[in-house]
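Here's the structure, in structure tokens; my notes come after.
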Amino acid sequence: MFFENNDLHKKMAGAQDLDGDGVISPQEAAAYIQQYIQSAPPEDRAKLMQEYFGQLPAEQKSALGTALVQSPATPVSSVRPGDDHDLIDAYTKSAQAPAQNGQSPLEAAFGQGGMLSSPLVKAGLVGLAGMIGSRLLRR
């Protein structure tokens, strides 16, 4: 069902919410990423995420990892700065953990307040959703 939702993939592929007033919210992006992580074959997921995180600046990777670690909702206790595999693992564990209060831990980690005040975190999260949407439209 997730992979056939081309309208959602188009919406995410067009994501340009770098200043907080664009196409999608960080919460929508987190929910979309969570659905992708739970639905995609592990090899496809790992390849896409490695490509995405591999092109981010170190400061942005660190901010994204910190957001996951600081959230009490995620099962992540540490993310090594500069280690893309560690960041991918943190996203995967957070997306696959049981929902709490109707949200996945990934959605809760990127909820209102907290690390979302960081433009680096917002841009990283929405950028990943955009890359996923783009890839799924080309399938």
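Here are the numbers:
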item: Farthest positive-ward along the chain dipole, Cα basis, beta-carbon charges - from Pro41, Ala95, Met131; result: Pro41
item: Segment 70-139: C-alpha gyration tensor shape, a/c 1.5 cut-off, then a/b vs b/c; result: rounded
item: Relative contact order of the chain, pairs being alpha-carbon contacts under 8 Å that are 6 or more residues apart, as %; result: 40 percent
item: Positive-end extreme of charge dipole, the chain - chosen from Ala58, Phe3, Gln27 (charges on Cβ); result: Phe3
item: Over the chain: helical MRE at 222 nm, DSSP H runs n ≥ 4 each giving -39500 (n - 2.57), nearest 500; result: -19000 deg cm²/dmol
item: Global form of the chain, assessed from the alpha-carbon gyration tensor, a/c cut-off 1.5; result: rounded
item: Ranked Asp44, Asp84, criterion: other C-beta atoms within 10 Å, fewest first; result: Asp44, Asp84
item: Proxy reagent accessibility, fewest Cβ within 10 Å first, across Val69, Val79; result: Val69, Val79
item: Sequence of Ser71, Ser77 once ranked by neighbouring C-beta atoms within 10 Å, starting from the fewest; result: Ser77, Ser71
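Values in this text are rule-based calculations from the coordinates and carry no lab data. Note that the structure is predicted; figures quoted are calculated from it, not measured. When we count neighbours, we look across all protein chains shown, and the Cβ atoms used for this are built from the backbone with ideal geometry, even at glycine.
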